[in-house]
1. Given the residues VAL34, VAL83, which is the only one that is crowded, with 17+ Cβ neighbours inside 10 Å and touching a residue at least 40 places away in the same chain (Cβ under 8 Å)?
2. Output the residues belonging to region 49-70 that are polar (S, T, N, Q) and in contact (Cβ under 8 Å) with a residue 12 or more places away in the chain.
Amino acid sequence: MKVKSPPSQARFAYEGLDRVIHERARLSLLTSLVTNPKGLAFGDLKRLCALTDGNLCRHLRVLEKAKMVEMVKKYDRSRPQTVCRITPSGRTRYLEYLSTLEQVVRDAAKGTEEGAAGGLLHGLAASRA
């Protein structure tokens with residue numbers, strides 16, 4: 001049985017960084033969908049997130065299995081169209097994830113300020129990920 005460390009000992013564990021979301025493509029998909037509550041067509045998601053058909057399908061399946069998105073088959077002018085939407089539980093998980101990510105940024109900023117004051121970061125530049 002896994003025993004959790006007390007919060008003071010695991011200060012930087014960031015349990016809220018959801019592994020389903022914490023992947024660039026899925027984070028992009030969820031951000032696109034949370035900003036478009038009515039949903040987005042498959043083609044629009046593909047373009048907005050710069051994904052191939054196969055990658056988009058794969059990541060949508062992961063998010064659908066986690067009950068974070070739903071896909072609805074529709075017809076637009078007699079042409080089949082798949083519309084993807086974030087679910088209420090997906091929105092909640094996404095917002096919880098963002099809250100944890102904001103804490104990571106605050107902790108890093110605090111550490112950077114303390115390190116800069118002591119000269120630890122002299123000559124270091126931010127990386128471009």
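Computed from the coordinates by the stated procedures, all read-outs in this text should not be read as laboratory data. Keep in mind that this is a model prediction, so the values were computed, not measured. Counting neighbours? That spans all protein chains shown, and the Cβs are built from the backbone with ideal geometry, glycine included.
1. Values: VAL34 fails: crowded, with 17+ Cβ neighbours inside 10 Å.
Exactly one residue qualifies, and that residue is VAL83.
2. Going through region 49-70, the residues polar (S, T, N, Q) turn out to be 52, 55.
Result: ASN55, single match.
Residues are listed down the side, and each one gets a yes or a no for (1) in a strand (DSSP E or B); (2) of a type in the set (Lys, Arg):
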{"site": "ARG11", "(1), (2)": "no, yes"}
{"site": "ASP18", "(1), (2)": "no, no"}
{"site": "ILE21", "(1), (2)": "no, no"}
{"site": "SER28", "(1), (2)": "no, no"}
{"site": "PRO37", "(1), (2)": "no, no"}
{"site": "GLY43", "(1), (2)": "no, no"}
{"site": "VAL62", "(1), (2)": "no, no"}
{"site": "VAL72", "(1), (2)": "yes, no"}
{"site": "GLY90", "(1), (2)": "no, no"}
